[in-house]
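Written out below as structure tokens is the structure these notes cover.
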Amino acid sequence: MMQNVHLAPETDEDDLYSGYNDYNPTYDTEITAKIPSTAVTRPVATGYGSKTSLASSMGRPMTGAIQDGVTRPMTAVRAAGFTKAAFRGSAFDPLGQSRGPAPPLETKNEDSPEEKIRQLEKKVNELVEESCIANSCGDLKLALEKAKDAGRKERVLVRQREQVTTPENINLDLTYLVLFNLASQYSANDMYAEALNTYQVIVKNKIFSNAGRLKVNMGNIYLKQRNYSKAIKFYRMALDQIPSVHKEMRIKIMQNIGVAFIKTGQYSDAINSFEHIMSMAPNLKAGFNLILSYFAIGDREKMKKAFQKLIAVPLEIDDDDKYISPSDDTHTNLVIEAIKNDHLRQMECERKAMAEKYIMTAAKLIAPVIESSFAVGYDWCVEVVKASQYVELANDLEINKAITYLRQKDFNQAVETLKMFEKKDSRVKSAAATNLSFLYYLENEFAQASSYADLAVNSDRYNPSALTNKGNTVFANGDYEKAAEFYKEALRNDSSCTEALYNIGLTYKKLNRLEEALDCFLKLHAILRNSAQVLYQIANVYELMEDPNQAIEWLMQLISVVPTDSRALSKLGELYDSEGDKSQAFQYYYESYRYFPSNIDVIEWLGAYYIDTQFCEKAIQYFERASLIQPMQVKWQLMVASCFRRSGNYQKALDTYKDIHRKFPENVECLRFLVRLCTDIGLKEVQEYATKLKRLEKMKEIREQRIKSGRDGSGGTRSKREGSAGHESGQNCSASSKGERLSAKLRTLPGTNEPYESSSNKEIGKCRCPHPVPMGTADLKKTDASYVDPLGPQTERPKTAAKKRVEEEDFADEDLGDYLLPE
């Protein structure tokens with residue numbers, strides 16, 4: 001065998017082709033090929049050791065040829081693309097195209113275990129995906145059902161795999177995915193116990209890598225359940241299992257730990273967590289929570305330092321100058337226009353708004369406590385803000401300082417603070433002037449309110465709040481057409497200004513343009529679905545349009561929103577009474593009386609209702625309450641005595657009339673009933689009462705003659721003499737229109753020549769309001785119905801544009817930094 005081995009010469013170390021002379025004699029053959037480019041037949045060497053050396057047509061030596069004693073190495077045992085059959089006359093076909101198309105693919109065997117496992121795995125992935133999509137669309141129930149279905153099919157898949165392959169081939173990633181999605185859906189559906197059990201299955205299984213991070217989710221569930229100690233425990237366990245390279249995740253977990261400590265009142269531990277976060281990776285939430293923790297323990301100096309740290313947190317957003325075109329380049333302007341309101345820009349605006357909210361809330365929180373007075377504290381906060389990147393917030397803090405003065409009822413200081421902005425830029429000047437207009441409007445100084453409203457409008461013509469306030473001042477002066485123009489302009493500048501839309505509806509009511517007023521209130525109802533004021537105004541407009549059925553329907557919606565409002569209930573009773581439905585009217589009047597038993601109109605109607613239905617004993621309690629409310633009105637006590645007399649209790653009626661006579665000795669009607677009762681009972685006092693009655697009637701005739709002669713002689717005197725004469729005669733029951741009506745009813749009672757048992761068939765004391773009772777801004781908010789409209793019973797006060805109300809609010813729930821506008 002060694003004879004076929006040829007060693008390379010030792011001296012020729014650089015020969016790249018050394019060793020290619022080795023060959024096996026078995027391959028030493030000669031074949032004859034027909035070369036298309038030549039007409040002669042010649043031997044072709046196909047292996048090493050060929051006896052004849054032929055040159056190619058280009059002078060290149062053939063493969064395996066020997067020249068000058070050196071054999072050229074062979075590049076292949078057989079030439080690529082050539083076969084022996086080709087040399088026997090077949091065409092040149094190096095790709096084998098002459099063999100025809102490839103045979104068809106072998107069909108899958110769907111009944112094979114491997115194929116069933118593959119299809120089942122695909123179905124599990126589809127179910128998990130559908131569950132996630134349903135969760136993102138808000139259909140949490142469907143998401144949970146899909147997650148459960150995926151879990152069931154995954155367990156079937158695992159059993160099938162165990163039967164076909166070894167346990168090592170089980171897809172652990174799919175099992176982890178199914179369990180994690182199921183736990184997430186349980187948590188989203190508030191099924192916390194099931195979610196915790198599912199998370200425990202994942203965490204306790206050692207074959208799942210990085211499963212310890214899910215303890216953060218378990219801590220979140222315990223935090224929702226207000227089990228703060230366990231939440232802190234699981235947060236710390238998760239923190240221990242997360243490597244230090246994941247800095248951002250560790251910071252978030254520490255922030256959750258700090259929040260849990262605040263919930264448990266362990267402010268010192270919370271401060272340690274937030275201080276560590278502010279030193280490693282400061283952020284707005286951690287800074288704000290740190291201020292809250294120091295506020296809870298009352299450390300003034302630390303509050304100041306924490307506020308300065310919060311101010312110094314970088315926002316990491318671009319300046320607004322980036323979105324301003326520096327040149328007239330069309331391409332650049334198009335790019336700037338495209339990115340001016342894209343998602344990235346919106347995210348930057350949201351981050352900036354959140355930072356301003358945290359800073360404003362923190363300043364309002366600590367300003368009253370860091371110094372001796374809240375004014376000094378606000379001044380310190382303003383100076384710190386002015387030296388930071390949030391310079392524009394300083395003016396808002398000053399306005400909030402004025403609002404704080406308002407809460408303390410110090411209107412002069414509030415006005416002085418707001419007047420400081422008259423020389424500032426237009427935006428701040430407009431806001432301050434709007435607030436000043438509001439203050440003067442509340443004090444009914446409409447001239448000053450109008451002046452500052454003009455200043456606000458001139459400073460910012462597109463300020464809807466300023467335009468609304470200006471319209472209010474014009475409305476108060478009775479110029480409703482001009483007020484409507486200001487409200488319309490406010491709506492053109494801001495179509496969402498509900499105050500202007502409400503006020504323009506009131507204006508149209510004043511102008512008796514009821515269809516347009518109804519249209520405004522219906523539009524407002526589409527925006528504010530449960531606004532009691534809007535519902536009442538719609539009902540009131542329908543009442544003015546003489547459509548009581550629609551008015552009743554809208555009032556029914558109103559009492560579904562404010563079921564304890566006595567004025568709405570009494571209004572329903574009034575409408576049913578006008579429709580002749582006494583039973584329904586009584587029901588709503590009685591409900592109104594239950595919630596507010598001091599409404600004279602309701603008391604009068606209920607008393608008259610019981611008299612009409614011949615239940616005089618029940619009417620007594622209502623008239624007695626009316627006499628307590630209005631002790632100087634004799635008509636209520638006369639009605640009490642009349643009820644006693646009608647019910648047959650003559651002795652009680654006599655005592656009541658005597659008591660009335662002692663209080664009102666000049667009341668003629670009381671004396672008439674006393675004479676009647678004493679005569680029938682046979683008392684000796686009858687002569688005394690008859691004498692007094694004759695004397696009073698004679699004085700009344702003389703007084704009437706004097707008045708008549710005075711009118712004839714002087715052409716009429718002032719009604720003052722008539723009023724004084726009426727007062728002297730004791731006619732107290734003619735003080736109001738309803739008093740006159742009830743007095744007329746009282747005069748229809750049986751006279752001195754009528755039997756006691758007889759009674760008038762006419763109605764007594766029916767409550768009919770000639771004008772709709774208006775409901776201002778605060779009417780339906782007060783369930784005790786004690787509100788009285790300051791503009792009188794036949795007027796309505798326009799609703800003022802108010803972004804924020806002057807009322808006590810929780811600092812953490814709502815930002816009070818916006819402009820204070822009239823309500």
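Leaving ligands and nucleic acids out of the surface, order Tyr480, Tyr622 by accessible area at 1.4 Å, largest first. Kindly include the intermediate steps, with their values, before the conclusion.
Working: Tyr480 60, Tyr622 5 Å².
Ranked list, largest accessible area first: Tyr480, Tyr622.
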Tell me, what HN-Hα J-couplings in whole Hz come from the Karplus equation 6.51 cos²θ - 1.76 cosθ + 1.60 at θ = phi - 60° for each residue of region 383-394, using x for Gly and Pro?
5, 5, 5, 4, 8, 10, 7, 10, 5, 5, 6, 4
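If R0 is 41 Å, what FRET efficiency do you get for Asn210 and Ser560 from their C-beta distance, rounded to 0.05? Mind dumping the intermediate values first?
Values: r = 54 Å, r/R0 = 1.32.
Once rounded, the FRET efficiency stands at 0.15.
Take the cross-link list Lys386/Lys409; Lys285/Lys488; Lys206/Lys233 and give me the ones stretching past 31 Å between alpha-carbons. Let's see the in-between values first.
Values: Lys386/Lys409 28 Å; Lys285/Lys488 42 Å; Lys206/Lys233 20 Å.
Pairs exceeding the cut-off: Lys285/Lys488.
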In region 139-224, the trypsin sites (Lys or Arg not before Pro) that fall in loop regions by DSSP, at most 14 other Cβ within 10 Å
Lys206
Name the residue from Gly151, Ala183, Phe208 whose Cα lies farthest towards the positive end of the charge dipole of region 149-216, charges +1 on Cβ of Lys and Arg and -1 on Cβ of Asp and Glu.
Phe208
Sequence-distant residues sharing a close amide H with Glu685 (under 5 Å, placed H):
none
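So if R0 is 60 Å, what FRET efficiency would Glu145 and Asp655 give, r being the distance between their Cβ atoms, rounded to the nearest 0.05? Write down the numbers at each step before the final one.
Working: r = 79 Å, r/R0 = 1.31.
The computed FRET efficiency comes out at 0.15.
Can you flag which of Lys523/Lys571; Lys141/Lys224; Lys652/Lys692; Lys122/Lys247 are past 26 Å Cα-Cα?
On the way: Lys523/Lys571 24 Å; Lys141/Lys224 20 Å; Lys652/Lys692 22 Å; Lys122/Lys247 36 Å.
Pairs exceeding 26 Å: Lys122/Lys247.
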HN-Hα J in Hz across region 643-656 - Karplus 6.51, -1.76, 1.60, θ = phi - 60°, x for Gly and Pro:
5, 4, 5, 5, 7, x, 8, 6, 5, 5, 5, 4, 5, 5
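Largest first, how would Val457, Val369 line up by accessible area (1.4 Å probe)? The partial results should precede the final answer.
On the way: Val457 10, Val369 50 Å².
The ranking, largest first, comes out as Val369, Val457.
The values are calculated or read from the model by the stated rules, or taken from the named source; none is laboratory data. Keep in mind the model is a prediction, meaning the values are calculated, not measured. Cβ coordinates were reconstructed from backbone atoms using ideal geometry, including for glycine residues, and neighbour counts include every protein chain displayed. With ligands, DNA and RNA removed, areas are computed over all heavy atoms of the protein, side chains included. Shrake-Rupley method; radii C 1.70, N 1.55, O 1.52, S 1.80 Å.
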